[in-house]
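One structure is given below, encoded as structure tokens.
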Amino acid sequence: MDNHATTQLDPRVLEAMLPYLTQDFGNPASTDHVYGAKAADAVERSREQLAKTINASAHEIIITSGATEADNLAIQGIARTRSAEGGHIITCTTEHKAVLDPLRYLASQGWVVTYVPVDSYGIIDLDRLESSITDRTILISVMFANNEIGTIAPMAEIGRIAKEHGVLFHTDAAQAVGHIPVDVQALRIDLMSISAHKAYGPKGVGALYVRSHNPRVKVAPILLGGGQERGLRSGTLNVPSIIGMGEAFEIARREMTQEADRLAGWTRKMRERFENSAGAELNGHPFNRLPHNLNMYFPGVESKALIQSVRSQVAISASSACTTEEVEPSYVILALGYGPERAHSSIRFGLGRFNIEDEVNLVMQSVDTATNRLRSIGVRNEVISANVN
Ligand SMILES: *Cc1c(COP(=O)(O)O)cnc(C)c1O
């Protein structure tokens, strides 16, 4: 139940990939012969499958190694189209490091970055967002759905504000595409980062959507070389993974509604159970949230200890997996306005396509048992230290 960190490759995706790992091994840039032509056709089909999932055109999809690279291409690529004197970019305090770190780099190079706060549900303050815009603002970057607390941003409103002020709108949609409906036209998104492995595709592949008209968005490459992907991302395409990504998003598009309903039913059930049995509280928005995400605060229970207690049967995490080594409390929970105690006692459950109801029941049972045990130890410790004193 840690499907926000990554997901299992769907067997149907593997099936689609296999021929391109064996006999159909051509380089899609070598179209003088049938090997290359076949690979090129397959890549274009995948591009179309992905484009259809987000209501874009195939030529607006730039294939990358994942959402991290797409975030970097969007942010650094937009910055590089501007003159050396820099400019202003607006983002949000709860963004992924793949957005925050390139922005911090730009800030070190003289760019001005505004971090707009969120409310206690993780929703960006739209008034602050709009009033932060200046003559020098060129980009707003706000994630579609948060990878820790599952809150879905008010994308249509942000798109409207960006458009009204003539500012480009980038979103990191790694947790959204393939899980909830995403329409770049309706939401007026100009650039969007996508990852395959968060939606039952292979790791190490993703894409950046770059709007081609209304406006035509100009991005400068950060990888230079063979000129693949219209010069925006050089390097021989990872054909089998790209085929897998196309298939993964095609499946997601067909099965999204049913899957979201099933997983939302389970996360609702788990939430009610933990509220009643463990006195837990929800982190994130009560209904503007990813159907498969549940993030809960267990008062008086260290999340590290809880994860350890259930580790032999259940895989859950405290927050983002992307910075596993750090012992710092989640900056996302802190950004909601809570103290470190809540950040150290919160657990993220990420349900996935391959979870079954028995597992949901097992997780509820084992987390309940563990919280009770950890609390009784905690109480005993307090009693002991009280006696000593
Ligand atoms: C996983 C994730 C990323 C990184 O994606 P990769 O494809 O692993 O590089 C970026 N942003 C968000 C919100 C994510 O959840």
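Just so you know, all these numbers are worked out from the coordinates, no wet-lab data involved. From a predicted model like this one, the values you see are computed outputs, not experimental measurements. Virtual Cβ from ideal backbone geometry, glycine too; neighbours counted across all protein chains shown.
Projected label points at LYS218 and LYS203, each 7 Å from Cα along the beta carbon direction, are separated by 3.9 nanometres.
With neighbour counts taken as other beta-carbon atoms within 10 Å, the residues ASP101, ASP172 rank, fewest first, as ASP101, ASP172. Once the chain from ARG82 to PHE25 is taken as fully extended at 0.36 nm per residue, the excess over their C-alpha distance is 16.6 nm. Among ILE75, ILE307, ILE242, the residue with the largest mean-square fluctuation in a Gaussian network model of the chain, with springs joining Cα atoms closer than 10 Å, is ILE307. For GLU44 and ASP183, the difference between the fully extended length at 0.36 nm per residue and the C-alpha to C-alpha distance is 48.0 nm.
Label sites at SER277 and ASP368, each approximated as a point 7 angstrom past Cα along Cα to Cβ, lie 0.3 nm apart. What is the calculated FRET efficiency for ASN361 to GLU302, with r their C-beta to C-beta distance and R₀ = 22 Å, to the nearest 0.05? Calculated transfer efficiency: 0.35. Report the calculated FRET efficiency for HIS59 and PHE287 (r = Cβ-Cβ distance, R0 = 30 Å), to the nearest 0.05. For HIS59 and PHE287, the calculated efficiency is 0.25. Under a Gaussian network description of the chain, with springs only between Cα atoms under 10 Å, the residue in VAL367, VAL142, VAL184 that fluctuates furthest is VAL367.
Report the net charge of residues surrounding GLU272, where surrounding means a beta-carbon distance below 13 angstrom and charges are Lys +1, Arg +1, Asp -1, Glu -1.
Taking every Cβ under 13 Å from that of GLU272, the sum is +1.
Computed from point charges on the beta carbon alone (+1 for Lys and Arg, -1 for Asp and Glu), the dipole magnitude for segment 212-270 about its Cα centre is near 260 Debye. When the chain is treated as a Gaussian network with alpha carbon springs shorter than 10 Å, the biggest mean-square fluctuation among TYR331, TYR35, TYR115 belongs to TYR35.
For the residues PHE298, PHE25, what sequence is obtained by ranking on other C-beta atoms within 10 Å, fewest first?
Least to most surrounded, the residues fall as PHE25, PHE298.
For segment 114-264, the Cβ-based charge dipole about the Cα centre amounts to some 580 debye (Lys, Arg positive; Asp, Glu negative; other atoms uncharged). In terms of packing, defined here as the mean over residues of other Cβ atoms within 10 angstrom, the peptides 121-129, 283-291 line up highest first as 283-291, 121-129. Remark: the chain carries a charge dipole of roughly 180 debye about the Cα centre, counting +1 on each Lys and Arg Cβ and -1 on each Asp and Glu Cβ. Stretched out straight at 0.36 nm per residue, the stretch from ALA315 to VAL112 would grow longer than its current Cα-Cα span by 69.1 nm.
Modelled label positions at ILE377 and LYS97, each set 7 Å beyond Cα in the direction of Cβ, lie 2.8 nm from each other. The simple Förster model, with R0 at 45 Å and r as the Cβ-Cβ distance, assigns ASP32 and THR6 a FRET efficiency of 0.75. On the principal axes of its alpha-carbon atoms, the chain has extents of 80, 53, 34 Å, going from largest to smallest. Here, segment 1-127 yields an orientationally averaged convex hull projection of 12.0 nm² when only Cα atoms define the hull. Using just its DSSP H runs of length 4 or more, each adding -39500 (n - 2.57), the chain gives a mean residue ellipticity at 222 nm of -14000 deg cm²/dmol after division by all residues. Going 7 Å from the Cα of ASP135 in the Cα-to-Cβ direction, what parts of segment 72-101 have a backbone nitrogen less than 17 Å from that spot? From segment 72-101, the list is 83, 85-89. Sorted fewest first by neighbouring Cβ atoms within 10 angstrom, HIS179, HIS165 come out as HIS165, HIS179.
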